[in-house]
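Just below is one structure, and these are the notes that go with it.
Quick note: the coordinates plus some simple rules give every number you see, no bench work behind them. Quantities reported herein were computed from a predicted structural model and do not represent experimental measurements. When we count neighbours, we look across all protein chains shown, and the Cβ atoms used for this are built from the backbone with ideal geometry, even at glycine.
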Amino acid sequence: EDQVTQSPEALRLQEGESSSLNCSYTVSGLRGLFWYRQDPGKGPEFLFTLYSAGEEKEKERLKATLTKKESFLHITAPKPEDSATYLCAVQADSGGYQKVTFGTGTKLQVIP
Amino acid sequence: SQTIHQWPATLVQPVGSPLSLECTVEGTSNPNLYWYRQAAGRGLQLLFYSVGIGQISSEVPQNLSASRPQDRQFILSSKKLLLSDSGFYLCAWSVLAGLRETQYFGPGTRLLVL
C-alpha cells in the first residue's frame with residue numbers, strides 16, 4: 001500500500017529563519033510527487049510536481065527536491081504570508097488509474 | 001485559463017436529509033474529475049473519480065454517490081446524511097498528458113451534519 005509521511009506535523013519559525021519540510025514515501029511505480037499549499041478553509045493550491053530523483057523546482061522562497069525515498073520543501077527566509085499547511089502527495093500507477101496518495105501535511109507558522 | 005467552482009461554500013444539514021454538492025470546471029475539455037473528503041488531522045480521502053460523462057468509480061464504500069451529467073460537471077449526492085459525513089469536501093480536475101497528471105482543486109464545501 002502506498003504511504004506518505006510528512007514531518008514535522010507543525011513548525012513554527014521566526015520571519016527569516018530558513019527550514020525544511022520532509023515528505024517520505026513508499027510507493028511502487030512513482031509517477032510524480034506533488035506539493036500543495038493549503039490555507040485554512042480553502043482548497044489546496046498547487047505548487048510543484050517532481051517526476052524523478054534529483055529533480056529540483058523553485059518558486060519564490062520555496063524549493064522542492066526529490067530523492068528515491070523522500071522529498072524536501074525548503075523555505076528560505078520565510079515571511080508571515082508563507083504560513084499555511086503544506087501537503088505532499090504521490091502519484092503511482094494503480095492498474096491503469098493514476099492513484100494519488102496524500103500526506104497529512106505540515107502546518108507552518110511564520111512569526112513576524 | 002482553467003477555473004473550478006464548487007457550491008455551496010458552507011452547508012449545515014440535519015441527519016437523514018439529502019445532499020447535493022456541485023462542481024464545475026471551465027476552460028478545459030474532457031477533464032478527469034475527483035471528489036475528496038478532508039477530515040481534521042487526516043489526509044485527503046478520495047471518494048470518487050470520473051474519466052468521462054457517466055463514468056464513475058468509487059474508492060470507498062459509503063452512503064454517498066456521484067454523477068457526471070455533463071463533461072465539466074460533477075455532483076456528489078446522498079439520500080440520507082449521517083453525522084460521520086461532516087467534513088470538508090473538495091473537487092479536483094486534471095488532464096492526463098502521457099503518464100503525467102496534476103490535480104487542481106476547487107475552493108471546497110464545508111459540510112456540517114447535525
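To the nearest Å, what is the center-to-center distance of the range A:6-38 and the range B:14-42, using C-alpha atoms only?
25 Å
Under 20 Å from the 7 Å Cα→Cβ point of A:Glu17, by amide nitrogen: which residues of the range A:57-91?
A:61-63, A:73-86
Starting from 0.36 nm per residue, how many nanometres of slack lie between B:Arg42 and B:Gln70 once their C-alpha separation is accounted for?
Here the answer is 7.0 nm.
Using the crude model of +1 on Lys and Arg Cβ and -1 on Asp and Glu Cβ, and no other charge, please compute the dipole size for the range A:13-67 relative to its Cα centre, in debye to 20.
220 debye
Find, among the chymotrypsin sites (Phe, Trp or Tyr not before Pro) in the range A:1-69, those assigned to loop by DSSP (not H, G, I, E, B) with at most 14 other beta-carbon atoms within 10 angstrom.
The qualifying sites are A:Tyr51.
Given a Förster radius of 30 Å and the C-beta distance between B:Glu22 and A:Asp93 as r, what FRET efficiency does 1/(1 + (r/R0)^6) yield to the nearest 0.05?
According to the calculation, E is roughly 0.45.
Give a quick list of GluC sites (Glu not before Pro) in the range B:17-70 that DSSP marks as loop, anything other than H, G, I, E or B, with at most 12 other Cβ atoms within 10 Å.
none
If you take the charge dipole of chain B about its Cα centre, with +1 on Lys and Arg Cβ and -1 on Asp and Glu Cβ, which of B:Ile53, B:Tyr104, B:Ile75 is farthest toward its positive end?
Positive-most Cα among the choices belongs to B:Ile75.
Could you give the nm distance between label points at B:Gln13 and A:Ser28, where each point is 7 Å from its Cα heading toward the beta carbon?
In this crude spin-label approximation the distance works out to 3.8 nm.
Which residue fluctuates most in the GNM of chain B (Cα springs below 10 Å): B:Gln45, B:Gln62, B:Gln73?
Of B:Gln45, B:Gln62, B:Gln73, the most mobile in the Gaussian network model is B:Gln62.
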